[in-house]
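Everything below concerns the one structure shown next.
The values are calculated or read from the model by the stated rules, or taken from the named source; none is laboratory data. Quantities reported herein were computed from a predicted structural model and do not represent experimental measurements. Backbone-built Cβ (ideal geometry, glycine too); neighbour counts: all protein chains shown. Note: areas computed on protein heavy atoms with side chains; ligands, DNA, RNA excluded. Shrake-Rupley method; radii C 1.70, N 1.55, O 1.52, S 1.80 Å.
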Amino acid sequence: MADTFATRFAAVRSGFGPLVWGLDPSGAVLDDWGVGDSPEGLDRFADIVLEAACGTVGLVKCQAAFYERHGWRGFRTLQRLITDAQSAGLLVIVDAKRGDVGSTNDAYAEAYLGAGAPLGADALTVHPYLGLGAMGTFVSRAHESGSCLLVVTRSSNHEGRMVQSARVRDGRTVEEELLLAIGELNARLAPGEIGPVGAVIGPTPLQPPLDLVGPQALFLAPGVGAQGATVQDVAQVFAACPDRVMPSASRSLLGDGPDVSRLRDTAARLAEEFRDVLRLPSSAAAEGPI
């Protein structure tokens with residue numbers, strides 16, 4: 001079995017900090033960069049961000065929608081970016097938020113996780129609201145391939161709170177139930193270790209606080225910067241498990257493009273802020289290429 005995602009994350013976190021750089025080529029970003037909101041501009045964007053990310057961060061996140069909007073050529077660029085980033089030593093999270101039932105889930109899992117997956121990611125986001133039990137193929141492929149499944153659990157957007165904070169059995173909320181189920185899966189698949197099933201947790205402090213230690217999981221924390229969350233918010237929400245959080249920023253970093261040097265400098269400063277506030281040790285590796 002391949003090294004687990006948790007092991008690989010610990011290695012890149014030691015070298016570059018926990019920051020996840022969101023490589024999200026919205027139409028506005030492509031236009032602002034002067035490359036054009038087109039498949040050709042998307043390809044140019046991919047080249048620039050890959051050059052900037054290598055040696056600066058250890059993880060990148062691709063929001064699939066921004067690539068899909070360009071049709072088959074967008075999928076081609078996404079596939080190329082995933083492959084090239086992994087070849088350069090970066091861990092790649094694909095933020096696709098897939099999730100269905102039965103054979104549809106099987107097909108999604110075959111597309112994004114494990115051996116032979118054409119869009120093979122190191123980690124994949126999924127929606128659990130057709131049942132976490134329906135995620136069986138996702139979970140098994142992630143476990144077998146050393147990948148990670150990131151289940152949307154607590155988001156910061158107002159619309160999501162209605163469902164996620166709803167009370168179910170024993171007075172627990174939907175998000176609390178999800179974390180319990182994630183913990184049970186990880187205890188079965190990786191007893192005593194960080195398991196292959198993690199969660200997406202918005203870094204906005206909300207009540208009630210969640211148990212983020214018990215699930216033995218990693219957490220993707222999107223929304224730092226342009227979406228309003230701060231470095232201090234991340235430190236507060238994940239105070240009990242600072243070595244398990246993967247904070248993500250996109251627009252606030254991409255605003256310095258297309259200049260590669262400026263992109264690198266901005267991302268490196270934010271990575272160091274996270275290292276400091278989460279009390280993670282520094283490493284000389286962060287100053288050199290992967």
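Protein heavy-atom surface of the chain, 1.4 angstrom probe: 51% of the accessible area is carbon and sulfur, with nucleic acids and ligands not counted. In this structure segment 143-290 gives 47 Å² per residue of accessible area when probed at 1.4 Å with all protein chains present. Segment 197-242 and segment 43-78 have Cα centres separated by 25 Å. Each peptide among 145-152, 104-111 gets the average number of other Cβ atoms lying within 10 Å of its residues, and from highest to lowest they stand as 145-152, 104-111. Counting only DSSP beta bridges whose two residues both lie in the chain, roughly 5 percent are antiparallel. In this label model, residue 262 and residue 157 are separated by 2.9 nm, measuring between points 7 Å along each Cα→Cβ vector.
Membrane-span-like helices in the chain, defined purely by DSSP H runs whose alpha carbon atoms cover 18 Å or more axially and whose average Kyte-Doolittle hydropathy reaches -1.0, are 39-53, 71-87, 174-189, 260-277.
Using 0.36 nm per residue and subtracting the Cα-Cα separation, the extra length available between residue 80 and residue 127 on full extension is 14.4 nm.
Based on a Kirkwood Rh over C-alpha pairs, give the Stokes-Einstein translational diffusion coefficient of the chain at 25 °C and viscosity 0.890 mPa s in µm²/s.
129
Remark on residue 249: its backbone amide H falls under 5 Å from those of 20, 22, a criterion applied only to residues 5 or more positions apart or on other chains, H modelled at 1.01 Å from N. Computed extension length for residue 226-residue 172: 16.3 nm, one decimal, from 0.36 nm per residue of separation with the Cα-Cα distance subtracted. Could you list the residues of segment 217-236 with an amide nitrogen less than 13 Å from a label point located 7 Å from the Cα of residue 97 in the Cα-to-C-beta direction? The answer is 222-223.
Can you order the peptides 41-51, 185-195 by their average number of other Cβ atoms within 10 Å per residue, highest first? Can you show the working numbers first?
On the way: 41-51: 20.5, 185-195: 17.2.
Highest mean packing first, the order is 41-51, 185-195.
Summary value for segment 104-233: 20 percent relative contact order, contacts being C-alpha pairs under 8 angstrom separated by 6+ residues.
Taking only protein heavy atoms into account and a 1.4 Å probe, give the accessible area per residue of segment 71-117 in Å².
44
At q = 0.18, 0.21, 0.27 Å⁻¹, what base-10 log of I(q)/I(0) does the Debye formula yield for segment 1-80 when every alpha carbon is treated as an equal point scatterer in vacuo? Listed by q, the Debye log ratios stand at -0.77, -0.92, -1.21.
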